[in-house]
Amino acid sequence: MSPTESAITLTVNGARRTVRVSPSTTLLEMVRTRLELTGSKECCAEGECGACTMILDGEPVNSCLVLAVETDGSEVTTIEGIGGAGMTPLQESFLTAGAIQCGFCIPGMVVAATALLERIPRPTESEVREGLSGNLCRCGGYSRISAAVMAVAGGNAAT
Ligand code: FES
Ligand code: FES
């Protein structure tokens, strides 16, 4: 371990993990490079696009802005932790609605929408748009993404 690194222990997708990180390592970098969970994407790396969205202690966060050392003792859910062996109804709905174009934004969208539906099981369309406002889709698929979330809203189907 380098002198500047420290060991942190956190729960990622239900599994307890101990990782050595430097003070400047972000949560996104740690998850992608140390834990080899590459579903969360890095795009802007400055909190503007939501491609890196993870759920940290119940709240969606831009993991590119969170320092890994700050997550010691925390619980993190990444896109790999959603759905287990199969897809959730929300993920199925993204497919059914044709909401996936290039797909780059979709992990962050699914994580953000999952957190939204846990917080508001029956969101209005404006609440869905507001809840996903931090997630950018360069393909412009907002209408279908919103429709996909609305299609499962009501039964807390994303959990
Ligand atoms: S990569 Fe984190 S918000 Fe864009
Ligand atoms: S589907 Fe391409 S960026 Fe959203």
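One line per residue, one yes/no per condition, for (1) open to solvent by 10 Å² or more (accessible area, probe 1.4 Å); (2) in a loop (DSSP other than H, G, I, E, B); (3) out of contact with any Ser or Thr (no Cβ under 9 Å at 6 or more places or on another chain); (4) charged (D, E, K, R):
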site	(1), (2), (3), (4)
ARG16	yes, no, no, yes
GLU48	yes, yes, yes, yes
MET54	no, no, no, no
PHE104	yes, yes, yes, no
VAL110	no, no, no, no
LEU116	no, no, yes, no
ARG122	yes, yes, yes, yes
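Within the stretch 124-141, restricting attention to residues that are in a helix (DSSP H, G or I) and more than 17 Å from the chain's Cα centre (by Cα), which residue is nearest to ligand 2 (Cβ to nearest atom)? The residue in question is GLU125.
Scanning the stretch 52-69 for residues that are farther than 14 Å from THR26 by Cα and not charged (D, E, K, R) returns ILE55, GLY58, PRO60. Of all the residues in the stretch 70-87, those that are open to solvent by 50 Å² or more (accessible area, probe 1.4 Å) and either farther than 14 Å from ARG17 by Cβ or assigned to a strand (DSSP E or B) (or both) number 5. Just one of the numbered conditions (1) open to solvent by less than 20 Å² (accessible area, probe 1.4 Å); (2) farther than 16 Å from MET87 by Cβ; (3) touching a Leu at 6+ places or on another chain (Cβ under 9 Å) is not true of GLY131: (1).
The values are calculated or read from the model by the stated rules, or taken from the named source; none is laboratory data. These figures come from a predicted structure and were not determined experimentally. Cβ atoms come from the backbone with ideal geometry, glycine included; neighbour counts cover every protein chain shown. Each accessible area value is taken on the protein alone, full model and side chains, heavy atoms only, with ligands, DNA and RNA left out. Shrake-Rupley method; radii C 1.70, N 1.55, O 1.52, S 1.80 Å.
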